[in-house]
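Below: one structure, written as structure tokens.
The values are calculated or read from the model by the stated rules, or taken from the named source; none is laboratory data. On a predicted model such as this, the values are computed, not experimentally measured, just so you know. All Cβ positions, even for glycine, are placed from backbone atoms using ideal geometry, and neighbour counts span all protein chains on display. Heads up: the accessible areas ignore ligands, DNA and RNA and are worked out on the full protein's heavy atoms, side chains in. Shrake-Rupley method; radii C 1.70, N 1.55, O 1.52, S 1.80 Å.
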Amino acid sequence: MAITLSASDVPSPPLSARLSPPQVWGIVLLAPYLLVFLAFVVYPVCYGLWLARHPASYVALYHDPIFARAAVNTLIFLVIGINIKMLIALFLSGFFAQQRPWIRWLSVIFILPWAVPSIPTILSVRFMLNPEWGVVNQLIFKFTGDDGPNWLNDPAVALAMAIGVHIWKSLPFWTLILLTGRLAISHDLYEASDVDGANWWQKFRYITWPSMQTLYITCTLLSMIWTLGDFNSVYLLTGGGPADLTHVLSTLGIRYLRLDQLSLAMASIVCAMPFVLPLVYYMMKRLSR
């Protein structure tokens, strides 16, 4: 008597038999990355959101004047710092695109602020601005005979210094990115414009800018996302002072941690998400075109 078996009764082969050797190696090599990603990205983010789940934390932030000042400082940092940085990077990319030997040596020196770690470079700037023994005030006293100001004691000046340090530190990177965009433009277009008698502004307006517009906007959006998380420029230079008036959202959490207010620290970080998520969405939408 014949016995018929349905497809569901037939035992399936083991997983190792269904995968090819390249697929097995792919899983083996991918597993450590997934474990690190889950342990150091997914878990901290989920834990931070869980700590910031209480509505009372956001009510306390709303009534804290330091939080409102930090939000305003963040907007100032983004609007002024990023636009100045990207505009300077755009024009410096044209300068470094020139084919001259001494420009190559100058580019090596120019890229040093970005290549050197943030802690020693920003702390060196802070020491230079020290009102008692900083080199800046010593030079002022040497040439004028007057004592220099306390540079970091004024909130507006201190925030401006932090923005300047951020521009100085990250400008070489964005200049290098925009330089690659300039070098990708065909020289035939510029040669044709020379034949037509175009000046440098017409070349920039009708050739350079249309060719680099997408790259420039994408770099600006990415720079805004990274600047929202820029902790070093403010905290290492001013520490949020004076009187906690130069904090930005990326450094405000440290203030609450020092006050043993963990839920407020996490809530202040979550409040930065309305700034970040639209930027990420718009950038990914542009890149997917």
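In region 27-55, which residues are part of a helix (DSSP H, G or I), free of Cβ contacts under 8 Å to residues at least 60 places away in the same chain and closer than 22 Å to residue 253 by Cβ? Give the derivation first.
Just the residues of region 27-55 that are part of a helix (DSSP H, G or I), to begin with: 27-51, 55.
Those left that are additionally free of Cβ contacts under 8 Å to residues at least 60 places away in the same chain: 27-47, 50, 55.
Correct list: 39, 40, 41, 42, 43, 44, 45, 46, 47, 50, 55.
Can you find a residue in region 125-146 that is within 22 Å of the chain's Cα centre (by Cα) and either modelled with pLDDT of 90 or more or closer than 29 Å to residue 227 by Cβ (or both)? Quick ask: steps written out before the conclusion?
Taking region 125-146 as the starting set, the residues that turn out to be within 22 Å of the chain's Cα centre (by Cα) are 125-126.
Narrowing further to those that are either modelled with pLDDT of 90 or more or closer than 29 Å to residue 227 by Cβ (or both): 125-126.
Scanning region 125-146 turns up at least one residue that is within 22 Å of the chain's Cα centre (by Cα) and either modelled with pLDDT of 90 or more or closer than 29 Å to residue 227 by Cβ (or both).
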Quiz item: Within region 66-94, can you find the residues that are open to solvent by 70 Å² or more (accessible area, probe 1.4 Å) and of a type outside the set (Val, Ile, Thr)?
Solution: 69, 75, 83, 87, 91
Quiz item: If you take the residues in region 262-289 that are under 15 Å from residue 62 (Cα atoms) and not in a helix (DSSP H, G or I), which one is most open to solvent (accessible area, probe 1.4 Å)?
Solution: 271
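Here are some residues: 256, 190, 216. Which one is modelled with pLDDT of 85 or more, within 23 Å of residue 68 (Cα to Cα) and among the hydroxyl-bearing types (Ser, Thr, Tyr)?
Values: 190 fails: within 23 Å of residue 68 (Cα to Cα); 216 fails: within 23 Å of residue 68 (Cα to Cα).
Being modelled with pLDDT of 85 or more, within 23 Å of residue 68 (Cα to Cα) and among the hydroxyl-bearing types (Ser, Thr, Tyr) holds for just one of 256, 190, 216, which is 256.
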Quiz item: Only one of (1) of a type in the set (A, V, I, L, M); (2) closer than 30 Å to residue 204 by Cβ; (3) crowded, with 17+ Cβ neighbours inside 10 Å fails for residue 103. Which number is that?
Solution: (3)
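Give the residues of region 255-272 that are of a type in the set (Val, Ile, Thr) and closer than 17 Å to residue 235 by Cα, sorted by residue number.
Taking region 255-272 first, the residues of a type in the set (Val, Ile, Thr) are 269-270.
Answer for region 255-272, where residues must be of a type in the set (Val, Ile, Thr) and closer than 17 Å to residue 235 by Cα: just 269.
Every residue in region 100-116 that is part of a loop (DSSP other than H, G, I, E, B) and closer than 17 Å to residue 174 by Cα, please. If you could, list the steps in order and put the result at the bottom.
Residues of region 100-116 part of a loop (DSSP other than H, G, I, E, B): 100, 111, 116.
Those that are part of a loop (DSSP other than H, G, I, E, B) and closer than 17 Å to residue 174 by Cα: 111, 116.
Quick one: which of 11, 55 is farther than 30 Å from residue 267 by Cβ and either open to solvent by 50 Å² or more (accessible area, probe 1.4 Å) or modelled with pLDDT under 90 (or both)?
Values: 55 fails: farther than 30 Å from residue 267 by Cβ.
Sole residue among the options that is farther than 30 Å from residue 267 by Cβ and either open to solvent by 50 Å² or more (accessible area, probe 1.4 Å) or modelled with pLDDT under 90 (or both): 11.
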Practice problem: Being under 20 Å from residue 174 (Cα atoms) and either part of a loop (DSSP other than H, G, I, E, B) or free of Cβ contacts under 8 Å to residues at least 40 places away in the same chain (or both) is the filter; apply it to region 227-246 and report the residue that is farthest from the chain's Cα centre (by Cα). | Solution: 231
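Based on what the data block shows, is residue 243 open to solvent by 70 Å² or more (accessible area, probe 1.4 Å), small (Gly, Ala, Ser) and farther than 21 Å from residue 91 by Cα?
Numbers: open to solvent by 70 Å² or more (accessible area, probe 1.4 Å): yes; small (Gly, Ala, Ser): yes; farther than 21 Å from residue 91 by Cα: yes.
So residue 243 passes the test.
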